[in-house]
Amino acid sequence: MSTKKLLILAGDGIGPEVMAQVRRVIDWMAKKRHIAFDVSEGLIGGASYDKFGHPLTDETMQDAFAADAVLLGAVGGPKWDNLSFDVKPERGLLRLRKDLELFANLRPAFVFDALAEASSLKTDLVKGLDIMIVRELTGGVYFGQPRGIETLPNGERRGVNTQVYTTSEIVRIADVAFDLAKKRGNKVHSVEKANVMESGVLWREEVQKLHDAKYPSVELQHMYADNCAMQLVRAPKQFDVIVTDNLFGDILSDCAAMLTGSLGMLPSASLGAADAKGNRRAVYEPVHGSAPDIAGKDIANPLATLLSFAMMLRYSFDMRAEADLLEQAVKNVLDGGLRTGDIMQAGKAKVSTTVMGESIVREMDKLA
Ligand code: NAI
Ligand code: MG
């Protein structure tokens, strides 16, 4: 890819503060590596509402379509909580995901050695943990028809949701998972409940077929979702890539995330369809929200957003060396004892958002 068109949507609350640290890394790459990103910035969420009366304008949506990847901060806050449903900050985020047709949600659970003690599990169970959960995001029981609440002839009420998956929906999410596994540990666990659900039977068949036809060298195991939940807290290091549906993925990704101990450390990506050259539409963002309780104080942890940027380098731009460099810098800075308040431990040095960002760039300088 020659030009790297990047749209930054910093959003609300701590969004702009953490995004400023990514800007340092982008500037460093331009100066020290001669890697020029074509960066544009736009408004989303409450910031966009305040200026334009809408949480995501058509113009910004056009910019998102024109970009190779979007880096998002977070949206929302008490200032906009009483707005009507249509113009709430979250609607901007939902429109972005929907219009870009982002069907694959990537949620890594990665434990830095320096923070392994922060996990609720025993340190040796999580030390070195590196899982990627690939959750289907636009299908399944959250969207299936029929749905609703109905009143039966006998007066009883009944709530209905429907789990539906088509072969093409299964194949495209499995394709993302296998492709990622080849860039990582070469192992995929496909998770459903084929023992009690027909959609799970189809899921299992289609994943196996795709594997045999296109990815025979990737190790594939099928696993029931309830067992997967147990295995995640019993022996999480057995996993590399987990691919699963919308509902199971919602729960399993939150469970896996907490193995790592801190919200301020968790990146994510959402991917859409690939174009003819194999480039996918993509939005990268931290898992955390706009943290209004600490916004404007220069104390937020910027690492989730910096690690989201590293995912962008790795998965959208195939800049693996630069992604490794940034991740190594994060690791070294943590090993060196620097902590923002949310990951503070006894005996470590508490630093601001700005100092954390500056320290990462200084470390990249040392490593490069
Ligand atoms: P939150 O993730 O913003 O905050 C939860 C707690 O974690 C807070 O105490 C916060 O200070 C802390 N925290 C979060 N990120 C942190 C960071 N990087 N460094 C240090 N501490 C951090 O979730 P909450 O409080 O439920 O929601 C706040 C606002 O964010 C709401 O308006 C909500 O709708 C929105 N939100 C937006 C999301 C998004 O844009 N993707 C996701 C989740 C919530
Ligand atoms: Mg959730």
**Study point:** Test result for Asp250, within 16 Å of ligand 2 (Cβ to nearest atom) and either buried (at least 21 other Cβ atoms within 10 Å of the Cβ) or farther than 26 Å from Asp324 by Cα (or both)
**Key:** yes
Check your understanding: Among the candidates Glu156, Glu136, Glu117, which residue alone is crowded, with 20+ Cβ neighbours inside 10 Å and among the acidic types (Asp, Glu)?
Key -> Glu136
Exercise for review: Could you please find all residues in the range 282-296 being part of a strand (DSSP E or B) and surrounded by fewer than 24 Cβ atoms within 10 Å (Cβ to Cβ)?
Suggested key: Ala282
Review point. So, in the range 317-344, of the ones that are within 13 Å of Ser359 (Cα to Cα), assigned to a helix (DSSP H, G or I) and in contact (Cβ under 8 Å) with a residue 60 or more places away in the chain, which residue ends up farthest from the chain's Cα centre (by Cα)?
Key: Asp335
Check your understanding: Here are some conditions: (1) on the phi < 0 side of the Ramachandran plot; (2) loosely packed, with under 13 Cβ neighbours inside 10 Å. Met19 meets all but one. Which one does it not meet?
Key -> (2)
Review point. Quick one: in the range 259-282, which of the residues that are over 21 Å from Leu94 (Cβ atoms) and small (Gly, Ala, Ser) is nearest to ligand 1 (Cβ to nearest atom)?
Key: Gly264
Practice item. Those residues that are among the aliphatic types (A, V, I, L, M) and without any contact (Cβ under 8 Å) to a residue 12 or more places away in the chain, I need them from the range 186-237; list them, please. Key: Val196, Val201, Ala213, Met230
Check your understanding: In the range 242-251, how many residues are under 14 Å from Val287 (Cβ atoms) and at pLDDT 95 or above?
Key -> 1
**Study point:** the range 181-218, residues that are outside any loop (DSSP other than H, G, I, E, B), closer than 19 Å to Pro108 by Cβ and not small (Gly, Ala, Ser)
**Key:** Lys182, Lys187, Val188, His189, Val191
Point to revise | Glu285 being among the acidic types (Asp, Glu) and away from ligand 1 (no atom under 14 Å from the Cβ) | key: no
Point to revise | Residues of the range 33-51 classified as over 17 Å from Asp81 (Cα atoms) and not charged (D, E, K, R), total | key: 8
Revision key, fill the gap. Cβ pairs under 7 Å, 6+ apart or interchain, first in the range 241-254 and in the same structural domain as Glu219 (by TED's automatic domain parsing) and touching a residue at least 60 places away in the same chain (Cβ under 8 Å), second more than 10 Å from ligand 2 (Cβ to nearest atom) and of a type in the set (Lys, Arg), ordered by first then second residue, are Val241/Arg184; Val241/Lys187
Study note, to complete from the structure: Of those in the range 221-247 that are within 16 Å of ligand 2 (Cβ to nearest atom) and among the polar types (S, T, N, Q), the residue farthest from Ala194 (Cα to Cα) is Asn246
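The values are calculated or read from the model by the stated rules, or taken from the named source; none is laboratory data. Just so we're clear, the structure is a prediction, and the values are computed from it rather than from any experiment. Backbone-built Cβ (ideal geometry, glycine too); neighbour counts: all protein chains shown.
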